[in-house]
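Remarks on the structure that follows.
The values are calculated or read from the model by the stated rules, or taken from the named source; none is laboratory data. This is a predicted model, so every value here is computed, not measured. Cβ coordinates were reconstructed from backbone atoms using ideal geometry, including for glycine residues, and neighbour counts include every protein chain displayed.
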């Protein structure tokens with residue numbers, strides 16, 4: 001409580017890098033925990049219908065379209081085999097001088113073009129079918145993993161590391177009724193985004209003044225502005241500038257190395 005997350009890019013580069021889009025830690029924790037428990041309950045209850053819906057949601061193709069793609073692939077593969085035979089016969093006609101070089105070149109270009117188109121389409125189908133298989137397996141693995149967190153009372157580091165790839169945080173938006181809302185997206189491991197966006201009503205939590213502490217840089221006593229503050233304001237500014245300079249130096253060095 002009384003702790004906020006702020007965009008690191010904003011903290012390093014200011015408004016030139018990004019906006020702050022600050023979010024209250026407790027608001028974020030509560031929303032993530034509620035989402036994890038929701039899907040954990042689905043896993044525990046064995047809701048096969050919902051699991052299939054998620055598989056279809058995460059895959060670009062459904063079961064009916066999958067069968068259609070498999071039929072199309074068989075048809076295209078058969079045509080490729082026919083073209084191989086036609087090429088063989090065409091080459092034999094050329095060797096036996098039953099066809100002119102001009103006609104041979106014209107027909108062979110036509111066959112080659114068709115072969116390239118068929119091969120490209122087969123690759124597209126294979127990619128779609130592989131994506132669906134990966135998606136189906138991912139959902140199964142995800143539900144097996146998340147089932148153990150149905151009764152979780154608090155969000156832990158172990159839980160986050162096991163289940164979540166990343167979380168993106170949107171800007172704060174003030175609504176007509178005066179409330180402030182913020183959206184987040186949770187990217188789970190194996191499956192990615194399961195809910196389009198989670199909407200959080202921002203709650204401002206005020207804390208009692210914190211006790212003075214020693215700056216970890218210069219040793220001077222200062223009154224921290226947050227529970228995680230380590231440096232007095234002058235030192236914090238110097239460190240921020242140094243980190244920004246170092247970040248710029250690394251980017252330039254990487255660019256020179258790539259060039």
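Scanning the range 67-102 for residues that are in contact with a helix residue (DSSP H, G or I) (Cβ under 9 Å, 6 or more places away or on another chain) and either in the same structural domain as residue 123 (by TED's automatic domain parsing) or more than 18 Å from residue 120 (Cα to Cα) (or both) turns up 86, 87, 90, 91, 93, 94, 98, 99, 100, 101. All conditions but one from (1) loosely packed, with under 12 Cβ neighbours inside 10 Å; (2) modelled with pLDDT of 80 or more apply to residue 111; the one that does not is (1).
Yes or no, residue by residue, for (1) modelled with pLDDT of 80 or more; (2) in contact with a strand residue (DSSP E or B) (Cβ under 7 Å, 6 or more places away or on another chain); (3) closer than 27 Å to residue 26 by Cα:
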site: 215; (1), (2), (3): yes, yes, yes
site: 219; (1), (2), (3): yes, no, no
site: 225; (1), (2), (3): no, no, yes
site: 229; (1), (2), (3): no, no, yes
site: 241; (1), (2), (3): yes, no, no
site: 253; (1), (2), (3): yes, no, no
site: 256; (1), (2), (3): yes, no, no
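The residue that is farthest from residue 129 (Cα to Cα), among those in the range 30-63 that are at pLDDT 85 or above and in contact with a strand residue (DSSP E or B) (Cβ under 9 Å, 6 or more places away or on another chain), is 30.
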